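Peer 1: What follows is a single structure, and I will ask about it in a moment.
Throughout, read-outs are computed from the coordinates displayed, never taken from laboratory work. Just so it is clear, the structure is predicted and the values come from calculations on it, not from any experiment. Every residue, glycine as well, gets a Cβ built from its backbone with ideal geometry; the counts of neighbours run over all protein chains shown.
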Amino acid sequence: MTAGAAATRYARALFDVLLKEGKDIEKVQAELQQFVELFAGQQLVQVLGNPGIPASKKKALATALIDRAGQITAPVAKLILVLAEKARLTLLPGIARAYDERVMDHLMIVRGDVTTAVPLAPEKLRLLEEGLAKATGRKVVLQSHVDPSIIGGVVTRLGSTVYDGSVTTQLQKMKQSLIEAGQ
């Protein structure tokens, strides 16, 4: 099983347990991110990724970190300890990503990107999100990017769907039409 598949399985199991227990899934999202950032420290990565260090030592380190973190949801603490026992703490960033996707899907939120030639005013971004929400039936959260090469217009990506209203694309379509008409 690949690391990505394993991370997705752990995330799905964690999500299902939390949903069944009626826990705050968004709070757990923040807790997972906190541990990802904590374990991302250079020295911790070296310790956790070193196969020469026994799993018992990794588990002891994880236990100490959980104790220092304070109020951590029990399933998150248990997940971290299981990962430490199995020497799989390096999967934590992938688990956090997969869990985040699962939460977004559960809350019917879709993330996307919008690219414009000039910076987009916050009000315009909000209106675009609202329009896309009506079209998709989900709440839309857009990340704005600037790319002067599109000349004008908007390119929006929601998952695998791309809405391309850029001037560059329109010009390319016109050019293709003129070439086809001339033949």
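Peer 1: Given the options Ser160, Ser56, Ser144, state which has the largest fluctuation in a GNM of the chain using a 10 Å cut-off (strictly under) for Cα springs.
Peer 2: Ser160
Peer 1: Here is a further query. Can you tell me how much longer the chain between Arg126 and Leu178 gets when fully stretched, taken as 0.36 nm per residue apart minus their C-alpha distance, in nm with one decimal? Provide the component values of the computation, followed by the final result.
Peer 2: Working: separation 52, 0.36 × 52 = 18.72 nm, distance 3.70 nm.
Extra length available between Arg126 and Leu178 comes to 15.0 nm.
Peer 1: Angle, helix 3-21 long axis vs. longest principal axis of the chain, Cα atoms, 0 to 90°, nearest 10?
Peer 2: 80 degrees
Peer 1: Placing unit charges on C-beta atoms (Lys and Arg positive, Asp and Glu negative, everything else neutral), compute the dipole magnitude of region 26-183 about its Cα centre in debye, rounded to 20.
Peer 2: 460 debye
Peer 1: So between Gln33 and Thr2, what do we pick up on full extension, going 0.36 nm a residue minus the alpha carbon distance?
Peer 2: Working: separation 31, 0.36 × 31 = 11.16 nm, distance 2.17 nm.
Going from the current span to full extension adds 9.0 nm.
Peer 1: Rounded to the nearest 0.05, what FRET efficiency do Asp16 and Asp164 give with R0 = 35 Å and r taken as the Cβ-Cβ distance? Could you check?
Peer 2: Values: r = 38 Å, r/R0 = 1.07.
The value I calculate is 0.40.
Peer 1: Output ³J(HN,Hα) for region 156-162: one whole-Hz value per residue in order, computed from phi by the Karplus curve 6.51 cos²θ - 1.76 cosθ + 1.60 with θ = phi - 60°, and x for Gly and Pro.
Peer 2: Computed from phi, the couplings for region 156-162 are 10, 10, 10, x, 9, 8, 10 Hz.
Peer 1: Calculated from DSSP H runs of 4 or more alone, at -39500 (n - 2.57) each and per residue, what is the 222 nm mean residue ellipticity of the chain, nearest 500? Provide the component values of the computation, followed by the final result.
Peer 2: Working: 8 runs with 115 residues, N = 183.
Computed mean residue ellipticity for the chain: -20500 deg cm²/dmol.
Peer 1: Shifting gears a bit: Which pairs, out of Lys57/Lys78; Lys20/Lys78; Lys27/Lys139; Lys23/Lys86; Lys58/Lys78; Lys20/Lys58, put more than 23 Å between their alpha-carbon atoms? Can you show the working numbers first?
Peer 2: Values: Lys57/Lys78 16 Å; Lys20/Lys78 16 Å; Lys27/Lys139 19 Å; Lys23/Lys86 25 Å; Lys58/Lys78 14 Å; Lys20/Lys58 29 Å.
Among Lys57/Lys78; Lys20/Lys78; Lys27/Lys139; Lys23/Lys86; Lys58/Lys78; Lys20/Lys58, the Cα-Cα distance tops 23 Å for Lys23/Lys86; Lys20/Lys58.
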